[in-house]
Every structure is written in C-alpha cells, then in structure tokens.
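Novice: Supplied in structure tokens, the structure appears directly below.
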Amino acid sequence: MTPNVLTEEEEEVAQPGGPAAGVLGETEAERSLYSNVKDQLYRAANIMRLDPDILKILESTTNEIVVHFPVRMDDSRIEIFTGYRVQHNSVLGPFKGGLRYHPSLQIDEVRALAAWMTWKTAVVGIPFGGAKGGIQFDPAGYSKNELERITRRFTFALGNSIGPDYDIPAPDVNTNPQIMAWILDTYLQMMPPHERHACSHVVTGKPVESGGSLGRDKATGQGVVYSILNWARDQKLSLSGVTYTVQGFGNVGSWTARLLKPLGATLVAVMDVTGAISDPAGIDPDDLAAYVHINGGVERFTHARPIYPDTFFATKADIFIPAAMENQITSETAPLLKVRLVAEGANGPTNPAGDAILQARGIHVIPDILCNAGGVVVSYFEWLQNKRSEYWDLEEVDGKLHKRMATAYGRVRDTAEEFGVDWRCAAYIVALSAIAKVYQERGIFP
C-alpha cells in the first residue's frame, strides 16, 4: 500500500462537495443516500489522512445481489418480487445487517445502509462487517400466509449468499422475530440434516424460543438510552425532568421512550407516518405503545393533541430522537429544532446539509453509527450464544451491552477532542482506524 498521504486530486475528492460527492449542481433532494454516506467517508478520511488505497476499497461494495422471484398469492395469482442483499465489507468478520420490507426500497439505499453497518460494527468493536438487504414491497398489503411465502422464497433465492459464518441477516424496518424464524427454518431445510443444528446463528433477532437472545427486542432502544445517559453524565445533567421528542414509534422509538420513562424523562411530542401529536404535560410511552400496537400509528391518540409536522420539529425539548427513516433532518427541518441533543435512533436521519446546520447551531449529535448500535451488539451476543449453545440471562446481556456502548462512546468522545471534529466525523475516524489497521496488517491479496 502507498504511504498514508493524499495527493492534491485525492484531497479534492475527499472534501465534502468534491467531485465524488455528487453531480455538480445536484440539489439536496436529488442527492442519493449513498452519496451522503460517501460525503461522510471522504471527510473523515481526509482529516485522518487515511491511506488512499484503503479508501478505494471502502468506497465500493464487495457484492450486490439482486433477485427476482415469483410467489403465489392467496387468490392463486403469481406476483414477482425484487429482493436485494448488498455486502459492503467483511475485513473485520462476517457480513452483518438487517432486512427491510418497504415499497420504496432501492439498491442505492441498501448500499448506504450496508456501508453504515460496516462503520457501526467497527465503532463498537465487534467482529462483523457490513451488509443490508430487503424486498421492495409494502407488507401491510399482504396476509400473514403471503408474508411467510414471500419470506421463504426470498431466503431460497438468496441461497448461499447468506450463511451463519458468512452473512447473517437480522430484523429492520417492517421485519420482526417471526420473519427471522421463517428465514431460519427455510435456510435449515436447505442444509443437510446433520448440519442443521450447527446453523442456528444464520439469522439474529429470532424469537427467544427459536434461539433468540433475551434483550434483543429492546436492544437498539436500550443502546440509544445508554448513549443518552453517557451524554447526560458528561453534561452533568440528570434525566429526571428532561423533555424529549421522538420521530417514529416502531420498535426503536417505542422502546427508547419506554426505557426513558423510569428515568424520569418526559415525552412531549411524537410523530410517525400517520401523524404527529403533542402534550407539554407528557405522553405516557406505555399507553402510546399499546395504542400503536392496536391502531398502527399515533394518529388520533386521545391523550394528546394533533399537531402539524413543522410544529413537531419546532417543539421545544431537551432531546430529539429521530427513530424513523433516512433524511429527516435536512436544510428545511434542522433550523426548526429547539433542542440540546439529537440522539439518532434511525440510520441516516440527518443529511449533510442538515448536519452542517446542527453543528453551526451548537446542537449536540450522537451519530447513528454509535447511538443505535445496541441492536447489532446484542445480535452479536445472540450469534455467540447460538455458536456456544448457551443462553444468557437479561442481566448479563444488558450488562455487556452497557459496557460496550460506554466504551464506544468514550472512544468517540476522545477522538472528537483529539481531532477537533464533530462526533459524526469522530465516529467515522474510530471505525476507519480499526478497519485500516487490519488492512495494513494483512495486506491485499495477491
């Protein structure tokens, strides 16, 4: 590999907004999610003087699998579905990442999510690489039996592209432990009978009865809460009496809110795809979670008043927790925020334009690749338990997660101080440093 020095041309590419960052004249809305990821990568690479050969490797994916497969519906019709699995990098260990079912899913989005998984696993120091995948469809329009057939057929189509020591899927948007159980069963049926019991770690996020880990359902939200607790400690701030807002009230958002409740924090506004609600006196997270489970969203929740989306973003609070989809904090919404901290429960909720505004306004950000890493950490714990034929109690899982999140938080905080950069850039530097060290030690074959 060449010395750890960038040429003038490479420095230009490494600058935010440089040639590799996007097409000249491209608007914020037109820029792809993967372009945003590359912006973040190039900025950190330039500041830390990352070896340009390693940068070339990391700005590309390793494998991109696209499958088209037929499934028979309940009324005997045949529908064709498109599924994806992008494997970004595996130098630290097997590919790892979730599967999402969403009608707008595209290959560019999956590339971005896979890259974020590479950085995320490196930040928290677990031996996994990054991958992501899913199917382009809306699961709300299909019966449970149809979802099972779609999932099983997708698993069969992926074939050897996944494996317990090669690429391990997990739940993501619109997928859950039941879907992971169907993937597990389908994959095991594809294995020789004498190998099946050795392959239970092919997916994580499974039901506990099927080999899942205690604490996995709340793991991402738990990691967000641990990150907020670490931040509050640094600010010499008690969470008792702290106010916060949440965007998205699915698994991550609802668990984060429910776990903050016993710490004394007050939820004052929530927004999801169905609408937005507010109550300055406080919204009970447990009551809202029960309502959303039955009704599918926060709209018409009777113990809060409806508000407009702009009003939600402008709600005054101490903490904002985006826990929905990507590109929510933008040049339009970032100026509206009246908070001290953004704790990113979602992947990529802040685009580069929004990020710059948050920094200029002095709003603290715990970036996604650190803040929401609790899910992949406990997935790693589940993977270990399966490999070792062990079951850990919840106290052990939570204790190990707390320690690992605190260690990663401290590493990012120290790196931000060392380089004089924001926390997102610092998290990237932590991740890239770990990956670069492995490449420098192992070299490139041949």
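The values are calculated or read from the model by the stated rules, or taken from the named source; none is laboratory data. Just so we're clear, the structure is a prediction, and the values are computed from it rather than from any experiment. With ideal geometry, Cβ positions are generated from the backbone for all residues, glycine too; neighbour counts draw on all protein chains shown. With ligands, DNA and RNA removed, areas are computed over all heavy atoms of the protein, side chains included. Shrake-Rupley method; radii C 1.70, N 1.55, O 1.52, S 1.80 Å.
Novice: Within the range 132-139, is even one residue open to solvent by 50 Å² or more (accessible area, probe 1.4 Å), more than 24 Å from Val412 (Cβ to Cβ) and either not hydrophobic (A, V, I, L, M, F, W, C) or not in a strand (DSSP E or B) (or both)?
Specialist: Yes, there is a match, as at least one residue in the range 132-139 is open to solvent by 50 Å² or more (accessible area, probe 1.4 Å), more than 24 Å from Val412 (Cβ to Cβ) and either not hydrophobic (A, V, I, L, M, F, W, C) or not in a strand (DSSP E or B) (or both).
Novice: Output the qualifying pairs, or none if there are none: Cβ atoms under 9 angstrom, residues six or more apart or on different chains, first residue in the range 333-358 and farther than 19 Å from Leu259 by Cβ and without any contact (Cβ under 8 Å) to a residue 24 or more places away in the chain, second residue among the hydroxyl-bearing types (Ser, Thr, Tyr) and buried (at least 24 other Cβ atoms within 10 Å of the Cβ).
Specialist: none
Novice: Just to verify a result, which residue in the range 393-411, among those that are closer than 21 Å to Gly97 by Cβ and not charged (D, E, K, R), is surrounded by the fewest Cβ atoms within 10 Å (Cβ to Cβ)?
Specialist: Val397
Novice: What's the number of the condition Lys144 fails, among (1) in contact (Cβ under 8 Å) with a residue 12 or more places away in the chain; (2) open to solvent by 20 Å² or more (accessible area, probe 1.4 Å)?
Specialist: The failed condition is (1).
Novice: How many of the residues making up the range 46-76 are assigned to a loop (DSSP other than H, G, I, E, B), closer than 30 Å to Arg152 by Cβ and touching a helix residue (DSSP H, G or I) at 6+ places or on another chain (Cβ under 7 Å)?
Specialist: Adding up the residues that qualify gives 3.
Novice: Kindly provide the set of residues from the range 121-160 that are touching a strand residue (DSSP E or B) at 6+ places or on another chain (Cβ under 7 Å), basic (Lys, Arg) and over 16 Å from Pro171 (Cα atoms), ordered by number.
Specialist: Arg149, Arg153
Novice: Count, please, the residues in the range 161-191 that happen to be open to solvent by 50 Å² or more (accessible area, probe 1.4 Å) and under 24 Å from the mean Cα position of the chain (by Cα).
Specialist: Here the count works out to 6.
Novice: Taking Leu259 as the residue in question, decide whether it is under 20 Å from Leu370 (Cβ atoms), out of contact with any Cys (no Cβ under 9 Å at 6 or more places or on another chain), modelled with pLDDT of 95 or more and open to solvent by 60 Å² or more (accessible area, probe 1.4 Å).
Specialist: Considered against the rule, which asks whether it is under 20 Å from Leu370 (Cβ atoms), out of contact with any Cys (no Cβ under 9 Å at 6 or more places or on another chain), modelled with pLDDT of 95 or more and open to solvent by 60 Å² or more (accessible area, probe 1.4 Å), Leu259 comes out as no.
Novice: Something else: Give me the residue from the range 47-104 that is out of contact with any strand residue (DSSP E or B) (no Cβ under 6 Å at 6 or more places or on another chain) and small (Gly, Ala, Ser) and, out of that set, least open to solvent (accessible area, probe 1.4 Å).
Specialist: Taking the candidates together, the pick is Gly93.
Novice: Could you grab me the full set of residues in the range 353-392 that are in a loop (DSSP other than H, G, I, E, B) and surrounded by 24 or more Cβ atoms within 10 Å (Cβ to Cβ)?
Specialist: Pro367, Asn372, Ala373
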